[in-house]
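The values are calculated or read from the model by the stated rules, or taken from the named source; none is laboratory data. Keep in mind the model is a prediction, meaning the values are calculated, not measured. Note: ideal-geometry Cβ built from the backbone for every residue, glycine included; neighbour counts use all protein chains shown.
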Amino acid sequence: METLTELLTNYGALLVAVAMITEGCGIPVPAETILVTAAALAARGKLSIWWIAVGGAAGGIVGGIAGYAIGAQGGMRLIKRFGAKMRIDEEKLDRARRFFARRGLVAVFLCRFIGFVRIFVPMVAGVARMPFGRFLAANVVGAVVSSACYAALGWFFGRDLPALEHHLTETTIVAVVLIALWFLVRRRRAGRRDATAA
C-alpha cells in the first residue's frame with residue numbers, strides 16, 4: 001500500500017488510467033483499488049479528485065475498446081484452436097451472439113462494477129460480434145458512471161479505511177444482486193412468452 005500511495009502521489013490520474021487500460025486488455029490488475037485509493041488521496045489534498053475521475057473514465061473507455069478489439073480480432077482464432085478443449089462449439093457461440101444482440105447494453109454497463117467480470121465481458125462481446133456502436137455506448141456510459149462512483153467512495157470514505165472497504169464490498173454485492181435479479185426477471189418473462197405462444 002505504501003508503494004501504491006507513493007506511485008499515485010507521483011503519477012496520479014495517469015497511473016489510474018494505465019491500470020484501467022491494462023485491466024481492459026485482460027490482465028488482472030487491481031484497477032478498482034487503485035482508483036479508490038487515488039480518490040482517497042485526493043480527499044487528503046494530495047491529488048485532484050476531478051483528474052482521478054477523468055483518468056478512471058478515460059482508462060475504462062480505452063480499456064474496454066481494447067478488450068473488444070482483442071476479442072473481435074483474436075478471439076475466434078483461439079476458439080478455433082482451443083474451442084474443443086474449452087467445450088465451446090458453434091451453438092454456444094450463437095447463443096453468445098444472441099445474448100449480446102438482445103442484452104449486451106445492460107451487460108456491458110453493469111460489468112463495469114464487478115472487477116472479475118469487467119476483465120472478460122468486453123472480450124466476449126468482441127468474440128460475439130456485438131455491434132460496436134452499441135458496445136461503445138454502453139462502455140462509455142459504464143466507464144464514466146463507475147469511475148464517478150468509485151471516485152466518490154474514495155473521496156467520502158478515504159479517511160476511514162474500514163468504512164471504505166465496507167462500502168466498496170457493498171457496491172460489488174449490490175451490482176451482483178442487480179445483475180442476478182435482472183437475469184431472473186428476463187428469464188421468467190421469456191418463459192411466460194414461450195408458454196403463451198405454446
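Would you check if GLY26 is in a helix (DSSP H, G or I) and of a type outside the set (A, V, I, L, M, F, W, C)?
Values: in a helix (DSSP H, G or I): no; of a type outside the set (A, V, I, L, M, F, W, C): yes.
In short, no.
Go through region 9-32 and give me each residue that's among the polar types (S, T, N, Q) and modelled with pLDDT under 85.
Residues of region 9-32 among the polar types (S, T, N, Q): 9-10, 22.
Scanning region 9-32 gives THR9, ASN10.
Considering only region 31-54, state which residues are without any contact (Cβ under 8 Å) to a residue 40 or more places away in the chain and of a type outside the set (Val, Ile, Thr).
GLY45, LYS46, LEU47, SER48, TRP50, TRP51
When you look at GLY59, is it within 19 Å of GLY142 (Cα to Cα) and at pLDDT 90 or above, yes or no? Explain how you work it out, then say what you get.
Working: within 19 Å of GLY142 (Cα to Cα): yes; at pLDDT 90 or above: yes.
Spelling it out, GLY59 is indeed within 19 Å of GLY142 (Cα to Cα) and at pLDDT 90 or above.
Any residue that is touching an Asp or Glu at 6+ places or on another chain (Cβ under 8 Å), modelled with pLDDT under 75 and either aliphatic (A, V, I, L, M) or closer than 30 Å to LEU41 by Cβ (or both) - is there at least one of those in region 107-118?
Step one: list which residues in region 107-118 are touching an Asp or Glu at 6+ places or on another chain (Cβ under 8 Å), which gives 115, 118.
Narrowing the set further to residues that are modelled with pLDDT under 75 leaves 115.
Next, only the ones that are either aliphatic (A, V, I, L, M) or closer than 30 Å to LEU41 by Cβ (or both) stay: 115.
So far as region 107-118 goes, yes, one or more of its residues are touching an Asp or Glu at 6+ places or on another chain (Cβ under 8 Å), modelled with pLDDT under 75 and either aliphatic (A, V, I, L, M) or closer than 30 Å to LEU41 by Cβ (or both).
So if I check each of ARG95, ARG77, which one is closer than 25 Å to GLY133 by Cα, within 23 Å of the chain's Cα centre (by Cα), modelled with pLDDT under 80 and not in a loop (DSSP other than H, G, I, E, B)?
Numbers: ARG77 fails: within 23 Å of the chain's Cα centre (by Cα).
Unique residue meeting the criteria: ARG95.
If I filter region 33-54 for residues that are buried (at least 18 other Cβ atoms within 10 Å of the Cβ) and within 12 Å of the chain's Cα centre (by Cα), do I get at least one hit?
No, because not a single residue in region 33-54 is buried (at least 18 other Cβ atoms within 10 Å of the Cβ) and within 12 Å of the chain's Cα centre (by Cα).
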